[in-house]
Amino acid sequence: MRKKIVAGNWKMNLNYEEGQKLTSEIVNMYKDENIKDVTVVLNPPFVHLFPVKKLIGNTPNLFLGSQNCSEKAAGAYTGETSASMLKSFGAEYVILGHSERREYFKESNELLTAKVRQALDYGLTPIFCCGEPLEIREAGTHEAYVKNQLTESLFGLSAEDFAKIVIAYEPIWAIGTGKTASSDQAQEMHKALREHLASKFGQEAADHTSILYGGSCNPGNAKDLFSKADVDGGLIGGASLKSRDFMDIIKSF
Ligand code: 13P
């Protein structure tokens, strides 16, 4: 059985008080509403990590994650945050290769290989993002495009390391646009990615890999998306900033 995961990506939103309020609400609802068998990850900006972790405490199945980490271990890299720091502040997950980082911060597949290495070396679980822009979808080459992102960043991993990876498929045209991929489009891509992973790491490893969908996922469409055989949860942007919406998505399996 692979893990069902719902991860909230706050992106660059919320001040200290807002972050505390949102986290408290989520922690309380999470405990009250008896959620079972879903791994939940909150991924706030760096400055929120420590106070958010204090509120999460040791709540079972509720974890802290970061939105990025450095590809370097330590040293004179002003403004950067290392995987080992994140781990020491209580993070268990790290989102890597988000399309916003690929586009605005020019993160390449090669750079992401180094970030994945850092995350794994310091015991963080990478939530590795992939996804195609609209023009690639319209040209019909989206499967090859996304498979290549996985090949270039992940296919150098050992089987043991690969077993720790979570994949998030986020079609760029669906992010923050309100235009979600249909559940059939998501399933088609997730299935293709699982087959691609199986071709390198074997069927058993691929069957154990959680593949999340991201892109305008909300309480209204999560049930349909999560009902698909190869969709193992979601990476949630906008709707993760509203406690009720986020909880309703968590309860959509
Ligand atoms: P939205 O849910 O706001 O579309 O964002 C998706 C996303 O980018 C999560 O990482």
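Just so you know, all these numbers are worked out from the coordinates, no wet-lab data involved. Computed from a prediction, not measured in an experiment: that's the story for all the values here. Cβ: placed from backbone, ideal geometry, glycine included. Neighbour counts: every protein chain shown.
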Exercise. Calculate, in nm to one decimal, what S227 and S88 gain on full extension: separation in residues at 0.36 nm each, minus their alpha carbon distance.
Key: 46.4 nm
Quiz prompt | DSSP beta bridge pairing in the chain, given as percent antiparallel to the nearest 5 | solution = 0
Quiz item: At 222 nm, what helix-only mean residue ellipticity would the chain give, in deg cm²/dmol to the nearest 500, using -39500 (n - 2.57) for each DSSP H run of four or more?
Solution: -12500 deg cm²/dmol
Exercise. Can you tell me which of 12-18, 200-206 comes out highest on packing, and rank the rest after it, using the mean Cβ neighbours within 10 Å?
Key: 200-206, 12-18
Quiz item: Which of the chymotrypsin sites (Phe, Trp or Tyr not before Pro) across the range 102-161 are loop residues per DSSP, with 13 or fewer other Cβ within 10 Å?
Solution: F105
Self-check item: Cross-link table K36/K191; K106/K242; K4/K87; K164/K200; K191/K228, entries beyond 19 Å C-alpha to C-alpha
Solution: K36/K191; K106/K242; K4/K87
Quiz prompt | Cα-Cα P(r), the chain, percent of pairs per 10 Å interval | solution = 7, 34, 39, 18, 2
Self-check item: Cβ-derived FRET efficiency at R0 45 Å, N61 paired with E152, nearest 0.05
Solution: 0.90
Self-check item: In the range 61-129, the trypsin sites (Lys or Arg not before Pro) that fall in loop regions by DSSP, at most 12 other Cβ within 10 Å
Solution: K106
Quiz item: How much length is gained if the chain between T141 and A205 is pulled fully straight, taking 0.36 nm per residue apart and subtracting their Cα-Cα distance, in nm to one decimal?
Solution: 20.5 nm
